[in-house]
Amino acid sequence: MDFGKVWAIAIKDLLEVFSSPSIYGPMLGVPLFFAIVLPFLTFYVAQYGAPQLASKIAAVPVALLGQSATGGLIFMSFFAVSVLGPIFLTMPIFTATVIAADSFAGEKERKTSEALLATPVSTGELLLGKVMASFIPAVLLTLMIFLIYGYTVNTLAIQSFHKGVLPTAPWLMMLLTAPFLAVAAIGLVVLVSSHVKGIKEAQQVSTILVLPILVMPFISILGLANLTVSFFSWVIVVLLIADTLILYIGVKTFRKENIL
């Protein structure tokens, strides 16, 4: 395998993706909005709504919330990790899906697949190049959003409670799941790329992964499960198995002609 050709394909796709404001605008704008606005929501809830909300949340030790500073800090940590944290896990899925859908199905819409297939690249080089073009920005963007959110939350917490709340071990484990989620999203796009007509249809596969993630805050609030290191360890194991199966099937079924 010629990795020079792999990187050439990846760079070509990245330049095409980031040359369109209609793609990179929402892809960057929405996550940045959440990374900046949600910390203030977290702070406001911890500062003013902790005692009232904690009585309805099974996972929060209500007794500790009687101490304003300590209670506010505990609630802010819980809210940042267990309630809002899973929202940020949708970032690698949406980012990877948007880029992968444009990379695979987008070739059909732009009618550039014929020229691409005329180049002397193997099926493996083509597939790996397109996967890298989706995987790298998805992981980097997720890391950036996690850092911005964590920094903003800590700044607000230190100002009011004189102590930061992030990172915690579950927060870091949550971040560690991002690459596995990105791989799953890309693999699903590869699987459906030969059966859809355009980008919009390919992007719909993201809902398969997003819906279970959006359930996480509710199971945490209801006390059905705690988003701990152990919980995310099992999540990573399940994702690793799923990624292996999805990629295996995707590689076996993918043909260069799929993007015609």
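With a simple spin-label model that places each label point 7 Å from the Cα along the Cα-to-Cβ direction, the separation between PHE33 and LEU211 comes to 2.5 nm. Peptides 36-43, 87-94 ordered by packing proxy, namely the average of other Cβ atoms within 10 Å per residue, highest first: 87-94, 36-43.
Ranked by the mean number of other Cβ atoms within 10 Å per residue, highest first, peptides 128-135, 10-17, 233-240, 149-156 order as 128-135, 149-156, 10-17, 233-240.
Taken together, the values in this text are just the output of simple stated rules run on the coordinates, not laboratory data. Computed from a predicted structure; not experimentally measured. With ideal geometry, Cβ positions are generated from the backbone for all residues, glycine too; neighbour counts draw on all protein chains shown.
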